[in-house]
Amino acid sequence: MKFGHFDDAKREYVIDTPRTPYPWINYLGTQGFFSLISNTAGGYSFYKDARLRRITRYRYNNVPIDMGGRYFYINDNGTIWNPGWSPVKTELDSYECRHGMGYTVITGKKNGLKAEVTFFVPQDYDGEVQQVVLTNESGSGKTFKFWSFAEWCLWDAQDDCTNFQRNFSTGRVEIKGSTIYHKTEYRDRRNHFAFYTVNDTIDGYDTDRDTFIGLYNGFGDPQQVKAGTCGNSLADGWSPIASHYKEITLKAGESKTLVFILGYVEMPVDKKFEADGKTINKEKALAMMEKYNTPEKFAAGMAELRAYWDKLLGILNVNTPEDKVNRMVNIWNQYQCMVTFNLSRSASYFESGIGRGMGFRDSNQDILGFVHQIPDRARERLIDIASTQLPDGGCYHQYQPLTKKGNADIGGDFSDDPLWMILSVSAYIKETGDWSILDAKVPYDNDESKAKSMLDHLTVSFYHIVKNLGPHGLPLAMRADWNDCINLSCFSDTPGESFQTYTNPKFKKEGGYSKVAESVFVAALFTYVGPNFVGILNHLGKKKDAAKAQKEIDKMKKVMMDSAWDGNWFMRAYDANGQKMGSKECEEGQIFIEPQGFAIMSDIDKDATKKTLAAIDERLNTKHGLVLNNPAFSKYYVQYGEISTYPGGYKENAGIFTHNNAWIICAAAYAGEGDQAFKYYSEIAPAYTEETSDLHKTEPYVYGQMIGGKDAGSDIGQTGKNFGQGKNSWLTGTAAWNMVAISQYILGIQPDFDGLKVDPSIPATWDGFTATRLFRGAKYNITIKNPSHVCKGVKSMVVDGAAVDGCVVPYVEGKKEVNVEITLG
Ligand code: GLC
Ligand code: GLC
């Protein structure tokens, strides 16, 4: 069952009921100011950091769900409603929500009154602009009452929802004309405030939540709205809000447009106040209001936003026989990549914005799907991330976006982290040809005095693996590898210990983690990523260094065949007792997905590749995607840690963890199995799950982290119960990796050090496809023909009329347009 449809021409998803199976959200903003907005206008805003600069309040895991947002209330002669249905939940005569690229339009109609609200964050602007168009379609005159509503968060979102003994006494506001300013702590240590304004006169306001809503009322029945009044309240402590009140009369057919702005302002310390030393200096705020205070300016801002996305989405455009592929590649997958690039895993409807900043491995991987969009921002990010690295190549696992400092509470020692940086820096160079990034001076541990070249960072990253090998010569697993839930050094038996941060005293002498537990996944990642490092060294003419690194890669490949090949697939690990994990010899968890894809793409062994792909299809594949491991763990294994705490079929315990599905899609395509690759791709691609949105639950336009696996429900004796149900939508490495899988491996358009490589691996039934790609200043018009209906194999390539050997289009400086015609066979 569907709850809306794609409008590809407008690049929108159109939701036609407010009662979606879960709130279906969108993101506004791409630089500093961000908002989350659900299809009923729930959500919140923050500046840069969802924890430290939370602007409005939101209630996670509330009953009912999705409480807190920017709400407009209408009281039309006793009928009270919101344009987005919630929170009042009066049945509307019609409802529609359009989530587009950086904007959302929600339209509700009731008793002949139509309210269309458009929300967006303009480019280079620290505020959310909301345009409300009220139209009287009733055929006779109408007078009604109208309220806006936003609830301020007292800045630090963590403190805001815990420290009530203080917070109930600190909230402060200021009101001037139609603008409500939020200035809690502004008179002391904060140099920022927020405001909520409307471009019209108002008939009153409220800034004290209890006065507006009523202590025993909810968002759905605010006492002022019910009474058709406002309290003109001035908050002094408790919970400050911002609500404008206005009486509106419209003739038959008449419309009224109001533009609201929710803005954020930072002030230089010496300019915070007016001469009285108390009143906010509003210069900057007024200038911001001036920018969007008319419908014309609003329209201009929207046009600018559209132009921005036209440009970004114009970089890669494909036309395949599958509409759903085109929709994912040309619109939604790229859009999600921007969001994951901006927010890592910090703020979504499943990530509270207070738990995690930017993940080292997460952000590096996010770059893979984003780098072609705005390479300069990717470069800046790479330098930020690398600056948190430690001189020995180890990494802080996370950093805060506001301070850009490594997070000491979580620390480091995640064995995979350094490798992702080699991959992301390589992706940046392949996209841009900008080798100068390798010379950039980048601090270690955020200490400028320890700055060295980016190449040095890559070198210590590579050798961090080589220097930390276990008894078999495989990389040590350390605290965890990519799978945060395989905690081989934890042995945790005490409730409340974090599997991610807890270090068992047992390993104190060894430096915090087992020197026996080894990760086959990191080995496979090393052999996949390593050749990029070698390629960079060769390009720089450092042949000796390149040969030395290559030796390590070759050695690792041999170790993998000698000590990690299980007969039909690669094992997962050796645990701290030296026992095999992910082997046919194990009782549960005999096969794991993670190492397989990277091992295949490392060309370790042809026969192993074949057997591995077959085993994956047999043991891991389902109609909803590939499960992470099989069989699921049905009990707690203290030597494995968190993975065995999840009931079977969920999360890392045999859930369909879509992120690593992409690695198999890439690997199958790489191995020439285009049909197999495409099968796995379409099992999880959001556009393909749209038809079963009632089961899938989360947004049909973006990937989620996890889909219930075939073992879901096994814990309660109802195996299969939530099989196919999605969770944790939006902020997942799945976005970047599936972008890579479809565009670079299946469609085969892959930036390489020497130019653009085109080597598709598609379903044999396809006649071919066309694509355009902007790459290093030139537009590539690509035509793929598949007359013999094969999956893979470039039989001939013609570039601008001349035959060229191989499948890498040589890069020619200064060329503006390149026509590439490829025939498969
Ligand atoms: C989450 C984390 C990611 C990790 C994955 C597997 O998605 O953000 O860093 O690799 O889970 O545990
Ligand atoms: C939990 C999650 C995992 C995530 C980690 C981040 O272990 O299961 O997916 O990566 O938390 O800290």
Which members of segment 377-409 meet the condition of being in contact (Cβ under 8 Å) with a residue 40 or more places away in the chain, assigned to a helix (DSSP H, G or I) and of a type in the set (Lys, Arg)?
Arg379, Arg381
Please specify each residue of segment 321-361 satisfying the condition of being part of a loop (DSSP other than H, G, I, E, B), closer than 25 Å to Tyr60 by Cα and away from ligand 1 (no atom under 14 Å from the Cβ).
Tyr349, Gly353, Ile354
Quick one: count up the residues across segment 688-706 that are more than 14 Å from Lys324 (Cα to Cα) and surrounded by fewer than 21 Cβ atoms within 10 Å (Cβ to Cβ).
3
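Tell me, which strands (runs of 3 or more DSSP E) lie completely within segment 707-825 with 1 or more residues that are surrounded by fewer than 19 Cβ atoms within 10 Å (Cβ to Cβ), among the hydroxyl-bearing types (Ser, Thr, Tyr) and over 24 Å from the mean Cα position of the chain (by Cα)?
Counting at least 1 such residues, we get 768-775, 778-785, 794-799, 817-824.
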Out of (1) touching a Lys or Arg at 6+ places or on another chain (Cβ under 6 Å); (2) more than 19 Å from Val173 (Cβ to Cβ); (3) charged (D, E, K, R), the one Asp203 does not meet is (2)
Which of the following residues is farther than 30 Å from Gln705 by Cβ and either within 16 Å of ligand 1 (Cβ to nearest atom) or of a type in the set (Gly, Ala, Ser) (or both): Gly473, Gly496, Gly512?
Gly473
For segment 123-163 the number of residues that are surrounded by fewer than 21 Cβ atoms within 10 Å (Cβ to Cβ) and polar (S, T, N, Q) is 8
What's the number of the condition Gly578 fails, among (1) within 29 Å of Ala677 (Cα to Cα); (2) surrounded by fewer than 20 Cβ atoms within 10 Å (Cβ to Cβ); (3) in contact (Cβ under 8 Å) with a residue 60 or more places away in the chain?
(1)
Only one of these conditions is not met by Trp663: (1) of a type in the set (Phe, Trp, Tyr); (2) surrounded by 21 or more Cβ atoms within 10 Å (Cβ to Cβ); (3) farther than 22 Å from Gln590 by Cβ. Which number is it?
(3)
Going residue by residue through segment 692-704, is there one that turns out to be in contact (Cβ under 8 Å) with a residue 12 or more places away in the chain, under 23 Å from the mean Cα position of the chain (by Cα) and within 14 Å of ligand 1 (Cβ to nearest atom)?
yes
Identify all residues within segment 220-249 that are assigned to a loop (DSSP other than H, G, I, E, B) and crowded, with 24+ Cβ neighbours inside 10 Å; write none if there are none.
Pro222, Ala235
Here's a check for you: in segment 255-282, which residue that is loosely packed, with under 13 Cβ neighbours inside 10 Å and of a type in the set (D, E, K, R) is farthest from Phe149 (Cα to Cα)?
Asp270
Lone qualifier among Ala615, Ala654, Ala685 - being away from ligand 1 (no atom under 15 Å from the Cβ) and crowded, with 24+ Cβ neighbours inside 10 Å:
Ala685
In segment 443-488, what residues are part of a helix (DSSP H, G or I) and small (Gly, Ala, Ser)?
Ser461
If I ask for residues that are more than 14 Å from Ile55 (Cα to Cα) and surrounded by fewer than 19 Cβ atoms within 10 Å (Cβ to Cβ), which ones from segment 175-187 would you list?
Ile175, Lys176, Gly177, Ser178, Arg187
What tally of residues in segment 581-612 results from selecting those that are part of a helix (DSSP H, G or I), among the β-branched types (Val, Ile, Thr) and buried (at least 24 other Cβ atoms within 10 Å of the Cβ)?
2
Looking at Gly535, is it modelled with pLDDT under 95 and either buried (at least 17 other Cβ atoms within 10 Å of the Cβ) or within 16 Å of ligand 2 (Cβ to nearest atom) (or both)?
no
Output for segment 402-422, where each listed residue is more than 16 Å from ligand 2 (Cβ to nearest atom) and buried (at least 21 other Cβ atoms within 10 Å of the Cβ)
Pro418, Leu419, Met421, Ile422
Could you tell me whether any residue of segment 621-629 is more than 16 Å from ligand 2 (Cβ to nearest atom), at pLDDT 95 or above and aliphatic (A, V, I, L, M)?
yes
With Arg190, Arg166, Arg209 as the choices, which residue is of a type outside the set (Val, Ile, Thr) and crowded, with 20+ Cβ neighbours inside 10 Å?
Arg209
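Take Asn364 and tell me if it is part of a helix (DSSP H, G or I) and either in contact (Cβ under 8 Å) with a residue 12 or more places away in the chain or within 14 Å of ligand 1 (Cβ to nearest atom) (or both).
yes
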Using the structure shown, decide if Ala671 is away from ligand 1 (no atom under 16 Å from the Cβ) and farther than 14 Å from Leu628 by Cβ.
yes
Being more than 15 Å from Ser38 (Cβ to Cβ) and buried (at least 23 other Cβ atoms within 10 Å of the Cβ) is the filter here, so list the residues in segment 74-90 that pass it.
Ile74, Trp81
So for segment 413-430 (the condition being among the polar types (S, T, N, Q) and part of a helix (DSSP H, G or I)), does at least one residue qualify?
yes
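Restricting attention to segment 395-407, which residues are touching a helix residue (DSSP H, G or I) at 6+ places or on another chain (Cβ under 7 Å) and within 16 Å of ligand 1 (Cβ to nearest atom)? I'd like the intermediate steps shown before the answer.
Initially, segment 395-407 is screened for residues touching a helix residue (DSSP H, G or I) at 6+ places or on another chain (Cβ under 7 Å), giving 395-398, 404.
Once the filter is applied, which keeps residues that are touching a helix residue (DSSP H, G or I) at 6+ places or on another chain (Cβ under 7 Å) and within 16 Å of ligand 1 (Cβ to nearest atom), segment 395-407 yields Cys395, Tyr396, His397, Gln398.
Do you know which of the residues in segment 349-373 that are within 22 Å of Asn39 (Cα to Cα) and within 13 Å of ligand 2 (Cβ to nearest atom) is farthest from the chain's Cα centre (by Cα)?
Taking the candidates together, the pick is Ser352.
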Mind listing just one residue for me: the one in segment 262-302 that is touching an Asp or Glu at 6+ places or on another chain (Cβ under 8 Å) and of a type in the set (Val, Ile, Thr) and, of those, farthest from Lys176 (Cα to Cα)?
Val265
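The values are calculated or read from the model by the stated rules, or taken from the named source; none is laboratory data. All of these numbers come straight from a predicted model, not from anything done at the bench. Positions of Cβ are backbone-derived with ideal geometry, glycine not excepted, and every protein chain shown enters the neighbour counts.
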